[in-house]
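The values are calculated or read from the model by the stated rules, or taken from the named source; none is laboratory data. Because the structure is predicted, anything quoted here is derived from the model rather than measured. Note: ideal-geometry Cβ built from the backbone for every residue, glycine included; neighbour counts use all protein chains shown. Each accessible area value is taken on the protein alone, full model and side chains, heavy atoms only, with ligands, DNA and RNA left out. Shrake-Rupley method; radii C 1.70, N 1.55, O 1.52, S 1.80 Å.
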Amino acid sequence: MKGYVVLISVVAALGGLLFGFDTAVISGTINFIQPYFGLSEVGLGWTVSSLLFGCIAGVFLAGKAGDQYGRKKVLMLAAFLFFLSAVGSASAHSLVFFVISRTLGGIAVGVASILSPMYIAELAPAKYRGTLVSLNQLAIVVGILVAFFSNYLLVDTGANNWRWMLLVMAAPAVLLFFSLFLVPESPRWLVARSRNDEALQVLIKTSGKEFAQTELKDIKETLKNHEESTFRDLLAPKVKPLLFIGIILAIFQQITGINTIMYYAPKIFANIGQSNNSALMQTILIGGTNLVFTLVAMVLIDRFGRKLLIVVGSTGMMVMLAGLSFLYFTNQTSGILVLLFILGYIAFFAASLGPALWVVAAELFHNRLRSKGMSIAIVSLWMACTVVTIVFPIMLQKLSGGITFLIFALICLANLVYVLKFVPETKGKTLEELEKEFAK
Ligand code: BGC
């Protein structure tokens, strides 16, 4: 039983791996695509952001199509789009073709960012749901790391090096597509489509015979008397507060600065005068730390709960950022301390807000509204991500590192207060139990 659920989660998490890879791979290609397509700095910015714009479209697509055609089929579509994007961007000879291909990849990232964690949450037994959904975050992190490594290995392959870097993604895309044939559809979605017998079969395999009947009954209960849902239903009085929590937590996950560190790490290190090669080493250190501490979160999240993890994590992130800010203010940015604070920050993020956001976002909403609710929360994440990516270099230049990191530290503090006050604990309960609790 456990093995089967793990298999399902691993397959779904391949969506997370592609998400991580696709968002990170571009950083290694920038120096080559810029001269190839003759891009100005602004043009490069837009070309790189094309993925993020695709993401936003993909998230909405997932919200609607995930309900209509099922989680599995739409994930298959995402796998296909990842493949097209890899082949398309790798073979592009014109900028338009390149941007279209990257945008298709963005759509796939958007879809996977919703459906992979949601699908795992809908199939996982309550007891392990936090750990299993966090597997998706682990896969995102692995995807980022694989992208950094493969870019590094391919950099000396000649003028077409950037094409090879982008093409690598075709392999996991094919793997995701075919491995989806091995896993079942989400039982919660099946019940919503009145396919109760099939749902029962899946539940027997994931939760055991005894528990399956009760679970089916509970799922049916939450779905009875409900028509087809619309985005407007998210504004119902009992749902709106949950929607806000999802949105605000998603925005916090980004504006506490994770991607400024993840993607600008080589730049930050270059700014403080390290050679290119050690900048690469530091990037790998960052990826490694991210990976190890995501594993820590997987062990802790169902034991201590999502909330405690976020509270401790945000506090740690705040302290690390304040330290970083201090180093900038006092002009001590060339030593080992910078690296330690950055790694500490990543460790706290990875052990808390990184995975916990995805877990909570997949748990907040009703069976009937999950894909739509989650899509609105995650679209806010992608928008916040876009804004931070654009604004951070400007902040660094105009405000100095000291003030920039101090602002991020204060945002961590705000996140901490918000979570303590508003975010409910969701560990250990079935999605239906949570639904009943939130309806009170
Ligand atoms: C975030 C990404 C981030 C990644 C890094 C994810 O949870 O949503 O924006 O790049 O974690 O580990």
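Summary table
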read-out	value
D22 being in contact with a helix residue (DSSP H, G or I) (Cβ under 6 Å, 6 or more places away or on another chain), among the charged types (D, E, K, R), open to solvent by less than 60 Å² (accessible area, probe 1.4 Å) and more than 30 Å from G208 (Cα to Cα)	yes
Subset of the stretch 429-440 (residues that are part of a helix (DSSP H, G or I) and of a type outside the set (D, E))	L431, L434, K436, F438, A439
Qualifying positions in the stretch 291-343 - within 19 Å of the chain's Cα centre (by Cα) and over 25 Å from L364 (Cα atoms)	L291, V292
Filtered residues of the stretch 408-433 (kept if among the hydrophobic types (A, V, I, L, M, F, W, C) and touching a Leu at 6+ places or on another chain (Cβ under 8 Å))	F408, A409, C412, V419, V423
Test: residue in the stretch 111-126 that is within 26 Å of I286 (Cβ to Cβ) and more than 15 Å from the ligand (Cβ to nearest atom)	no
Helices (runs of 4 or more DSSP H) within the stretch 311-428 that include 1 or more residues closer than 30 Å to A439 by Cβ and out of contact with any Ser or Thr (no Cβ under 9 Å at 6 or more places or on another chain)	353-363, 370-422
Search result, residues across the stretch 320-358 that are without any contact (Cβ under 8 Å) to a residue 12 or more places away in the chain and among the β-branched types (V, I, T)	T330, I336
Every pair of residues 6+ apart whose Cβ atoms lie under 6 Å, when the first sits in the stretch 21-44 and is among the hydroxyl-bearing types (S, T, Y) while the second is modelled with pLDDT of 90 or more	T29/W162; T29/M165
Total residues in the stretch 205-256, condition aliphatic (A, V, I, L, M) and open to solvent by 100 Å² or more (accessible area, probe 1.4 Å)	1
Unmet requirement for G305, which otherwise passes all of (1) in contact with a helix residue (DSSP H, G or I) (Cβ under 9 Å, 6 or more places away or on another chain); (2) surrounded by fewer than 24 Cβ atoms within 10 Å (Cβ to Cβ); (3) on the phi < 0 side of the Ramachandran plot	(3)
Candidates S150, S207, S194, filtered to the one that is small (G, A, S) and either in contact with a strand residue (DSSP E or B) (Cβ under 6 Å, 6 or more places away or on another chain) or within 29 Å of T23 (Cβ to Cβ) (or both)	S150
Residues satisfying the stated conditions in the stretch 404-440, i.e. touching a Pro at 6+ places or on another chain (Cβ under 9 Å) and polar (S, T, N, Q)	T430
Number of the exception - E363 against (1) more than 16 Å from the ligand (Cβ to nearest atom); (2) acidic (D, E); (3) crowded, with 24+ Cβ neighbours inside 10 Å	(1)
Filter result for the condition that a residue is more than 16 Å from the ligand (Cβ to nearest atom), surrounded by 21 or more Cβ atoms within 10 Å (Cβ to Cβ), at pLDDT 90 or above and within 30 Å of N367 (Cβ to Cβ), over F98, F82, F60	F82
Residue among V10, V6, V25, V48 that alone is assigned to a helix (DSSP H, G or I), over 21 Å from A147 (Cα atoms) and hydrophobic (A, V, I, L, M, F, W, C)	V6
L324 among the aliphatic types (A, V, I, L, M), more than 16 Å from the ligand (Cβ to nearest atom), more than 25 Å from F19 (Cβ to Cβ) and open to solvent by 10 Å² or more (accessible area, probe 1.4 Å)	no
Which listed residue, of L343, L357, L353, is hydrophobic (A, V, I, L, M, F, W, C) and open to solvent by 10 Å² or more (accessible area, probe 1.4 Å)	L343
